[in-house]
Amino acid sequence: MKTYQINEINALVKGEIVGNSTQFITSPEELETATSEQITFIGSKKFEKLWATSKASIAIVNEDISIDPGENRAFIKVKNADLTMCQVVELFAPPSPVFHKHIHPNATVDPSAIIGENVKIGAGCYIGLNVKIGNNSIIYPNVTILDESSIGNNTTIWSGAVIRERCYIGNNCIIHVNASIGADGFGFKPCPINGLVKMPQIGNVVIGNHVEIGANSCVDRGKFSSTVLGDGCKIDNLVQIGHNSKLGKFCIMAGNSGLAGSVTLGNGVIIGGSASIKDHTTIGDGAIVGAGSGVTGDIEAGKTMLGYPAVEARDALKQWAILKRLVKESSGK
């Protein structure tokens, strides 16, 4: 078990210690459930009131905190407690699953595949024709990477993920359990004889560097060209990204949200949970789509949209206030 004292933790985060604690810390924990041997975090003033009843002995806090730590307790003041939390949690991270051999004997690796240095490939994996895997990448058991796909350096692909043929994944990416990269896009055309005719999907998926894709999410291949995710995009679990969609850099999509085909997101766009975006829609840089919203048209850069169908946030809030008042008036209350 890893243990640290407050001075050792502060040496990492370079904050300011207020108060005093000699407690050895064994792990991080939420403010309300932490014990005296755990470090916690106060990232917002609204949580300050919980410190009095918390059993934690040390907390990472913002510089503007308005309370004192109390007897035999201490704060480490930093500029941004939420970001510092990432560093502290990393201190206590357990080791990754062990590979006794770099390439498990039960993995199937085509002789034409190019495998970089220090690559680890688990049992039950299938690595197809002319696949390239960069240095230090980890392919956990039961991953499928089909022909002519390319995986960059330092990328991790977790069990059950499928990377279809001719797809490209960049450096320092994380693909979580059962994600699907490069499945056919949803393309069918009405036919008077056969009902629906499938449109062949012959493009691919191109994923940039430092991208993370959550469990059970799907990124469909392009119909002709590529579905593209720019550097730094973070995709939650159970997200659908339709064929030929283009995401700029550092976009965020929360769980159960979805893009139909040929959607374009600018840089830094945030899509809230369960939001849905109509096909051939463009959303400008820095725009935000609230949870559960339905976008049916283009959105200008920097706008915040809410509702179904989505409108500007201030208009949506006005509409909801009016509806609430009408309901109260009609009920006589």
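Every number in this text was worked out from the coordinates using simple rules, so none of it is lab data. Here the structure is a predicted model, which is why all the values come from computation and not from measurement. Reconstructed Cβ throughout: ideal geometry from the backbone, glycine too, with neighbour counts over all protein chains shown.
Just subtract the alpha-carbon distance of Asp147 and Lys318 from 0.36 nm times their residue separation and send over the number in nm, one decimal. Walk me through the intermediate numbers first.
On the way: separation 171, 0.36 × 171 = 61.56 nm, distance 5.33 nm.
Length gained between Asp147 and Lys318: 56.2 nm.
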For the range 1-138, whose charge dipole is built from +1 on Lys and Arg Cβ atoms and -1 on Asp and Glu Cβ atoms, the candidate among Ala56, Asn72, His104 with its Cα farthest towards the positive end is His104
The Rg/Rh figure for the range 98-206, Cα atoms and Kirkwood Rh, to two decimals is 1.09
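Is there a pair in Lys223/Lys246; Lys303/Lys324; Lys189/Lys246; Lys45/Lys79; Lys14/Lys79; Lys14/Lys77 whose C-alpha atoms are over 18 Å apart, and which pairs would that be?
Details: Lys223/Lys246 13 Å; Lys303/Lys324 25 Å; Lys189/Lys246 23 Å; Lys45/Lys79 14 Å; Lys14/Lys79 10 Å; Lys14/Lys77 9 Å.
Correct reply: Lys303/Lys324; Lys189/Lys246.
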GNM of the chain, Cα pairs under 10 angstrom: of Asn267, Asn194, Asn204, the biggest fluctuation goes to Asn194
Note: the range 48-116 at 4 °C, 1.567 mPa s; Kirkwood Rh on alpha carbon pairs; Stokes-Einstein D in µm²/s works out to 79
So, over other residues within a Cβ distance under 10 Å of Ser27, counting Lys, Arg +1 and Asp, Glu -1, the net charge is -1
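Determine the sum of side-chain charges near Pro309: Lys and Arg each +1, Asp and Glu each -1, restricted to other residues whose C-beta is under 12 angstrom from that of Pro309.
Taking every Cβ under 12 Å from that of Pro309, the sum is -1.
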For Lys278, counting only aspartates and glutamates whose alpha-carbon sits under 17 Å away and dropping same-chain residues fewer than eight positions off, the answer is Asp220, Asp298, Glu300, Glu312
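Ignoring everything except DSSP H segments at least 4 long, calculate the 222 nm mean residue ellipticity for the chain; use -39,500 (n - 2.57) per segment, divide by total residues, nearest 500. Numbers along the way, then the final one.
Numbers: 3 runs with 37 residues, N = 333.
Counting only the DSSP helices, I get -3500 deg cm²/dmol.
Considering only the other residues whose Cβ falls under 11 Å of the Cβ of Leu265, what net charge follows from Lys and Arg at +1 and Asp and Glu at -1?
Working: positive: Lys246, Lys249; negative: Asp285.
Local net charge: +1.
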Rh (Kirkwood, all Cα-Cα pairs) for the chain, Å, reads 22.9
Expected unfolding gain across Ala52-Asn118 under the 0.36 nm per residue rule, minus the alpha-carbon gap, is 18.9 nm
